[in-house]
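Asks: My questions all concern the structure below.
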Amino acid sequence: MSQSSIQRTVARHLLAVQAVRLKPNEPFTWSSGWKSPIYCDNRVTLAYPDVRTYIKNALADAIRKRFPSVEVIAGVATAGIPQGALVADVLGIPYCYVRPEPKSHGMGKQIEGHLTNGQRVVVIEDLISTGGSSLKVVNALQAAGAEVLGMAAIFTYGFSVADQNFANKNIPLVCLSNYDALLLEAQELDYIPAEAMASLAAWRQNPAQWGQ
């Protein structure tokens, strides 16, 4: 299957199980305060075996192709934890997960699982917005002595700031689907009216000001 076909298929699955919702006329408010016509919660896919299986296999295939020397999968807490575990199981390799910050009690760990110095790691994330929180996990892994080969995610909004953040860190990013594929699929499925497309396209160009 071509990359564009995978992007459209994943987008269709996300829309079908309402992991992604599009409401340009009733925008959501993100924690950042941004108004947004889209809300994405890929944890919903875990409740649907067919969708869950498709996503884990697609992520595993992408990692085999792009990062064939991977030795460990690391999930980003919290939403990337189950996705990462599923992918590691498909690949048959060790797994760990990483918190944004070390625990404030107990052993004070930030990385849970076993990781040895120099191991080649691919990070699994469910969603990429600006990439800031995801790259904090990369920093933690590198500080622990891991060689981070790259990151794989289910979906990206495609913000230019995210592209720049990953480029600055020299971390390759592979995403199964993206905002452009989602809009194409939503239009084809009559999920949104044609007249809403301009507003949806404008949001990504300036999300901080959209809807103001």
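Asks: So which residues in region 118-147 are free of Cβ contacts under 8 Å to residues at least 40 places away in the same chain and either aliphatic (A, V, I, L, M) or farther than 21 Å from Pro68 by Cβ (or both)?
Replies: Initially, region 118-147 is screened for residues free of Cβ contacts under 8 Å to residues at least 40 places away in the same chain, giving 118, 129-130, 132, 135-136, 138-139, 142-145, 147.
Passing the criteria: Ser129, Thr130, Gly132, Leu135, Lys136, Val138, Asn139, Ala143, Ala144, Gly145.
Asks: Here is a check on your reading of the model: is Ala167 at pLDDT 95 or above, exposed (fewer than 13 other Cβ atoms within 10 Å of the Cβ) and small (Gly, Ala, Ser)? First the steps, then the outcome.
Replies: Working: at pLDDT 95 or above: yes; exposed (fewer than 13 other Cβ atoms within 10 Å of the Cβ): yes; small (Gly, Ala, Ser): yes.
Yes.
Asks: Among Val70, Val51, which is the only one that is in contact with a helix residue (DSSP H, G or I) (Cβ under 7 Å, 6 or more places away or on another chain), outside any helix (DSSP H, G or I), more than 17 Å from Gln187 (Cβ to Cβ) and of a type outside the set (Phe, Trp, Tyr)? Step through it out loud before you land on a result.
Replies: On the way: Val51 fails: outside any helix (DSSP H, G or I).
Going through Val70, Val51 in turn, just one is in contact with a helix residue (DSSP H, G or I) (Cβ under 7 Å, 6 or more places away or on another chain), outside any helix (DSSP H, G or I), more than 17 Å from Gln187 (Cβ to Cβ) and of a type outside the set (Phe, Trp, Tyr): Val70.
Asks: In region 178-212, what residues are without any contact (Cβ under 8 Å) to a residue 60 or more places away in the chain and of a type in the set (Gly, Ala, Ser)?
Replies: Ala194, Ala198, Ala201, Ala202
Asks: From Glu101, Glu112, Glu26, which residue is acidic (Asp, Glu), crowded, with 17+ Cβ neighbours inside 10 Å and out of contact with any helix residue (DSSP H, G or I) (no Cβ under 8 Å at 6 or more places or on another chain)?
Replies: Answer to the selection: Glu112.
Asks: OK, next. Could you tell me which of the residues Tyr39, Tyr95 is touching a Gly at 6+ places or on another chain (Cβ under 9 Å), without any contact (Cβ under 8 Å) to a residue 24 or more places away in the chain and open to solvent by 50 Å² or more (accessible area, probe 1.4 Å)? Explain how you work it out, then say what you get.
Replies: On the way: Tyr39 fails: touching a Gly at 6+ places or on another chain (Cβ under 9 Å).
Just one listed residue meets the conditions, Tyr95.
Asks: For residues that are open to solvent by less than 50 Å² (accessible area, probe 1.4 Å) and not in a loop (DSSP other than H, G, I, E, B), tally how many sit in region 181-200. Spell out the reasoning first.
Replies: Going residue by residue through region 181-200, those that are open to solvent by less than 50 Å² (accessible area, probe 1.4 Å) are 181-183, 185-186, 192, 196-197, 199-200.
If we keep only those that are not in a loop (DSSP other than H, G, I, E, B) too, we end up with 181-183, 185-186, 196-197, 199-200.
Count: 9.
Asks: Still on this structure, I have one more. Is one or more of the residues making up region 169-180 part of a helix (DSSP H, G or I) and farther than 17 Å from Leu14 by Cβ? Can you show your working first?
Replies: Taking region 169-180 and keeping what is part of a helix (DSSP H, G or I), we get 169, 179-180.
With farther than 17 Å from Leu14 by Cβ added as a condition, the list becomes 169.
The answer is yes; a qualifying residue exists.
Asks: Something else: Which one of the conditions (1) outside any helix (DSSP H, G or I); (2) open to solvent by 30 Å² or more (accessible area, probe 1.4 Å) does Ser133 fail to meet, given that it meets all the rest?
Replies: (1)
The values are calculated or read from the model by the stated rules, or taken from the named source; none is laboratory data. Keep in mind the model is a prediction, meaning the values are calculated, not measured. So basically every Cβ, Gly included, is an ideal-geometry build from the backbone, and we count neighbours across all protein chains shown. When the accessible area is computed, the model is the full protein with side chains, heavy atoms only, and any ligands, DNA or RNA have been set aside. Shrake-Rupley method; radii C 1.70, N 1.55, O 1.52, S 1.80 Å.
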